Amino acid sequence: MTDVFVEETGTNRSTLIHVPEDIDFISVSRVPAMIAFPGWHSNPWYFDRLTGLSQTGSKYGMVTAFGFGRPPASEESPICCPKGCDLVCCTKGDKLDLLRPCAWHTEDSEDVAYAKAIAAMLQRDTCVDPGRVFATGLSNGGSMAALVACKASDVFAGVAQMSGALPQVKCVRDKPIAFMAFCGLDDKSCTPTSNQTVKQFAAMNKCTEPFRPTFESATTKCRAARGCEGGVFVEQCFIQGLGDEVPGHDR
């Protein structure tokens, strides 16, 4: 775990970083990175246990950085774990802070600045390729992932949103950005807005082709818009029987 300085706020905020042990930095000069945003009342260790992102990062030679949301203004929860649960306790990945829930505050710019600060630190200190920085998140963290796609396309190459919605903000398009949205049909946090979200990113990326089916199984249907600037794509998957949770798991 390390701190990053968020220039806009003049403060340090923590981030949990996983660097695969077997990356050969002599033969591989630059590596990709994934910045992950845990869901509401969650923390990096719980989110990693839930998603297996650091394990996936090790498999594909990718640095993974987990952000910490902010607790309520009246409370302190620096590692987003319950009172009485210290760092050793929290790293087990089975604790949620329900009374002092950490969250991403998508209505202001501080968390976007924090995400950019993490990306800058990774590029500076861990040989991350500036052109291959990605983001993902679940639920409230999924909303945060969509927000950085909307507000920080100069930093991120692509985003995968799991649940959550795109906040009602004006997007700033610096360059094309790939966007993928996963939404469970039993998830009320994304079903009302997912179609509009992907349409907005298709327009933002100036995609010339309409959405067409790309995948279908007994529970999952996906569609994508292609012909987008920069060769990016915008894709959306709806999963039957899935609520506000991580997709996959043999679905």
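Would you check which residues across region 1-55 are of a type in the set (Ser, Thr, Tyr) and free of Cβ contacts under 8 Å to residues at least 12 places away in the same chain and list them?
THR11, SER27
Give THR91, THR106 a once-over and let me know the one that is within 17 Å of GLY141 (Cβ to Cβ) and not small (Gly, Ala, Ser).
THR106
Checking the conditions here, which among GLY61, GLY69 is modelled with pLDDT under 95 and either touching a Leu at 6+ places or on another chain (Cβ under 6 Å) or surrounded by fewer than 19 Cβ atoms within 10 Å (Cβ to Cβ) (or both)?
GLY61 is the lone residue from the list that is modelled with pLDDT under 95 and either touching a Leu at 6+ places or on another chain (Cβ under 6 Å) or surrounded by fewer than 19 Cβ atoms within 10 Å (Cβ to Cβ) (or both).
Among what's in region 136-164 and is outside any loop (DSSP other than H, G, I, E, B) and β-branched (Val, Ile, Thr), pick the residue that is nearest to HIS41 (Cα to Cα). Walk me through how you get there before you give the answer.
Step one: of region 136-164, the residues outside any loop (DSSP other than H, G, I, E, B) are 136-138, 140-151, 158-162.
Adding the requirement that they be β-branched (Val, Ile, Thr) leaves 136, 148, 159.
Numbers: THR136: 17, VAL148: 20, VAL159: 22 Å.
So the residue we want is THR136.
Considering only residues that are touching a helix residue (DSSP H, G or I) at 6+ places or on another chain (Cβ under 6 Å), within 17 Å of GLY137 (Cβ to Cβ) and part of a loop (DSSP other than H, G, I, E, B), which ones fall in region 172-208?
Within region 172-208, ILE177 is the sole residue that qualifies.
Can you name every residue in region 101-131 that is assigned to a helix (DSSP H, G or I) and touching a Leu at 6+ places or on another chain (Cβ under 8 Å)? It would help to see each step written out before you state the result.
Of all residues in region 101-131, those assigned to a helix (DSSP H, G or I) come to 110-125.
Matches in region 101-131: ASP111, VAL112.
Condition first: modelled with pLDDT under 95 and of a type in the set (Lys, Arg). Can you find one or more residues in region 128-142 that meet it?
Checked region 128-142: no residue is modelled with pLDDT under 95 and of a type in the set (Lys, Arg).
The values are calculated or read from the model by the stated rules, or taken from the named source; none is laboratory data. Predicted model, so just to flag it, every value in this text is computed and none were measured. Every residue, glycine as well, gets a Cβ built from its backbone with ideal geometry; the counts of neighbours run over all protein chains shown.
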